[in-house]
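Visitor: Attaching a single structure in structure tokens format; questions to follow.
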Amino acid sequence: MTMADPRLIQLVMSLRGQGVTDRHVLAAIERTPRGLFVPERFVDQAYENRPLPIDCGQTISQPLIVGLMTQLLNLNDRCKVLEIGTGSGYQAAVLSRLARRVYTIERYRTLAKEAEARFEALRLTNITQRVGDGTKGWPEQAPFDRIIVTAGAPVRPDTLLEQLKPGGIAVVPVDNDRGTQTLIRYTHDKDGSLREDALMDVRFVPLVKGEAKAL
């Protein structure tokens, strides 16, 4: 699979038509072969605009959601980013092409190990990962310019938002009363206030406390 794969180009064009208009985000997606991040049995579906199962009962997000969430972060090459939920590593790989440094936390050791191998294969050297409880964030590396959560938080994740720099942005799916989550962008204004913008309904696996013991 190469970056010139016509299925990947077609996917990028589709995302542009559905609201992912930031050319830097689109370029990052085009440079990140999604087929590398899915189980072998789903490789033929890797460039469809749909979520797919991965190990440990988790999923790789729909490319449209990856693109929209990345775009909402308003990244630049000076940003230090915290990602909660490494999963397959696909979102982190896209972020790494736009940010200075990405710190990513995964509760499943199996997924973290697989993601690390993919980062090495793509020579993405600005990603630092750990296995642990994502609900606690990464206080030793805080504060962060941007935070992205790729699992549904039951309530506003104040512990994570406290690790956001003044002027920073966090994008988090938060449970609503409709059985899904609402994607919320939190902006930590420089005056110390926190602005919340509810954007769209999404569906993610739940954000779970603690490190997984078995996988």
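Just so it is clear, none of the values below were taken in a lab; they were calculated from the coordinates. Since the structure is predicted, the reported quantities are computational estimates derived from the model, not experimental observations. Ideal geometry is used to build each Cβ from the backbone, glycine not excepted, and the neighbour counts take in all protein chains shown.
Visitor: May I ask which residue of T180, A198, T125 lies farthest towards the positive end of the charge dipole of the range 49-202, with charges of +1 (Lys, Arg) and -1 (Asp, Glu) on Cβ and the Cα centre as origin?
Guide: After comparing all options, I get T125.
Visitor: Let me ask you something else. Hey, what number do you get for the chain at 222 nm if only DSSP H runs of n ≥ 4 count, each worth -39500 (n - 2.57), divided across all residues, to the nearest 500?
Guide: -7000 deg cm²/dmol
Visitor: Suppose R0 equals 22 Å. What FRET efficiency, 1/(1 + (r/R0)^6) with r the Cβ-Cβ distance, do D175 and R50 give to the nearest 0.05?
Guide: Values: r = 22 Å, r/R0 = 1.02.
Calculated transfer efficiency: 0.45.
Visitor: In the range 171-194, whose amide N lies under 17 Å from the spot 7 Å out along Cα-to-Cβ of E162? List them in ranges.
Guide: 188, 192-194
Visitor: Now a separate question. Antiparallel versus total DSSP beta bridges in the chain: what percent is that, nearest 5?
Guide: 45 percent
Visitor: Taking just the C-alpha trace of the range 72-139, give me its Rg and Dmax in Å.
Guide: 11.1, 31
Visitor: Moving on to the next point. Give me the lysines in straight-line cross-link reach of K165: C-alpha distance below 19 Å, same-chain residues under 8 apart excluded.
Guide: K80, K136, K190
Visitor: Where the only charges are on Cβ atoms (+1 Lys, Arg; -1 Asp, Glu), what is the dipole of the range 1-112 about its Cα centre, to the nearest 20 debye? If you can, show how the numbers build up before the last one.
Guide: On the way: 14 positive and 10 negative charges, 72 e Å.
In total the dipole reaches around 340 debye.
Visitor: Hey, got the dipole for the chain? About the Cα centre, +1 on K and R Cβ, -1 on D and E Cβ, debye to the nearest 20?
Guide: Once rounded to the nearest 20, the dipole reads 340 debye.
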